[in-house]
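What follows draws every value from the coordinates through simple rules; no lab data is involved. These numbers come from a predicted model, not from an experiment. Methodologically, a virtual Cβ is constructed for each residue, glycine included, from the backbone with ideal geometry; neighbour enumeration extends over all protein chains shown.
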Amino acid sequence: MRRVILEIDPATVIKNPYKKGLQDVLSKIEWLEGTNLFNIDPEEISETVMTVKKTGVFKVKLKEGFEISDLIDPKMGTIEPLEEENGVITCFIKAQVDGLPTELIKSLNFDNMLISLPLYLSPEKYIVSFLGTSDSIKAYLNLLKSLKISYKAAIQTPNQFQSDLSCLTNRQKEVMLAARKYGYYDYPRRISSHELAEKLGISKSTMLEHLRKAEKRMIDTLCAVTE
């Protein structure tokens, strides 16, 4: 198994109805980051178009003037805010994305390719990752090229998966491992940021700063992609 991390130019994703939906989301967010993915369910609508239903927990930084309820049309899904800290909203999202090309989604072959983390979206870049075999990843990248989707890719081996925390400082690693141990990333969350900070013996603001820097450093490291 390998993990491929793709950094895609949102403007080149796909020239189909999905592009309109993507532009609508991008007009309302500064960034969106997946923290837990529970279900990815593709459904074929026609020979050329598919719908994908996604369920997971995300962190969202909205642009000024927008509310979290503005992010998803009620006809397309639901969004449930869980927590808001420093302008970042953690929320549970269950929604569907329409208009995706059947060829692209079927090429994922969900038996051989699994959507993974990191998952990140902003007006500047779209980062998505998959676990798969070397052959399935190669076939998928070739299809992206044929669809004229502009991307950069980094492919990691299983040994590299295990060394992801090596990019963190000792303190950042301690905070992130504690967050995972005590259920800060679980849904529903088993510990609040205030309680986690108390366990670590630091202030809530300091804990959140360490955690945010750790998350950013991991994403930056994972997405230090090459052509």
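I need the calculated FRET efficiency for the pair Glu30 and Asp135, taking r as the beta carbon distance and R₀ as 30 Å, to the nearest 0.05.
On the way: r = 37 Å, r/R0 = 1.25.
Efficiency for this residue pair is about 0.20.
Counted residue by residue at 0.36 nm each, then reduced by the alpha carbon distance between them, the extension gain from Thr51 to Arg190 reaches 46.8 nm.
Placing dummy labels 7 Å off each Cα toward the beta-carbon, the span from Ile202 to Leu147 is 4.1 nm.
Between Leu177 and Thr78, the modelled labels are 3.8 nm apart [label points 7 Å from Cα along Cα→Cβ].
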